Amino acid sequence: MANTRFAPDGNKDGMLTPREIILALRKNPTLAARLGLPANIREGATRDRLMQYFHSIDSDQNDEISRDEFLRFAKLARRKEQAVARKKELTQ
Ligand SMILES: [Ca+2]
Ligand SMILES: [Ca+2]
């Protein structure tokens with residue numbers, strides 16, 4: 001976990017805002033893919049999806065995502081990914 005960088009935190013205050021996430025996804029398509037989000041979020045449908053996502057990560061609903069909330073979410077996403085990969089292995 002030591003090399004998990006908190007890259008999306010543009011102003012380094014330890015909290016993520018929706019805007020920082022949009023900018024981070026734009027800069028980091030790999031992260032976007034890992035989180036299952038489009039890399040290029042604009043107003044409208046994709047932004048609604050991001051906000052839905054944002055609120056699912058923001059477990060205390062204070063409209064900011066803390067490092068802990070983000071890491072917990074990333075861990076869950078990775079676990080889901082691994083589960084899907086395992087299932088694929090089993091069915092092949
Ligand atoms: Ca921030
Ligand atoms: Ca929060």
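Structural remarks
- Residues in segment 43-79 that are over 13 Å from the mean Cα position of the chain (by Cα) and more than 9 Å from ligand 2 (Cβ to nearest atom): 43, 44, 45, 46, 47, 48, 79.
- Where a residue in segment 50-76 is closer than 18 Å to residue 25 by Cβ and its partner, wherever it lies, is β-branched (Val, Ile, Thr) and more than 13 Å from ligand 1 (Cβ to nearest atom), with Cβ under 7 Å and at least six apart: 50/41; 65/57; 69/57; 70/57; 71/4; 73/57
- Looking only at segment 7-28, residues that are within 16 Å of ligand 2 (Cβ to nearest atom) and among the aliphatic types (A, V, I, L, M) come to 3 in all.
- Candidate set from segment 40-92 (those that are among the polar types (S, T, N, Q) and within 16 Å of ligand 1 (Cβ to nearest atom)); member that is surrounded by the most Cβ atoms within 10 Å (Cβ to Cβ): 66
- Count of segment 52-83 residues, restricted to those that are at pLDDT 90 or above and of a type in the set (A, V, I, L, M), is 3.
- In segment 15-38, the residue that is nearest to residue 80 (Cα to Cα) out of those that are surrounded by 15 or more Cβ atoms within 10 Å (Cβ to Cβ) and more than 13 Å from ligand 1 (Cβ to nearest atom) is 35.
The values are calculated or read from the model by the stated rules, or taken from the named source; none is laboratory data. All values reported here derive from a predicted model rather than from experimental measurement. Positions of Cβ are backbone-derived with ideal geometry, glycine not excepted, and every protein chain shown enters the neighbour counts.
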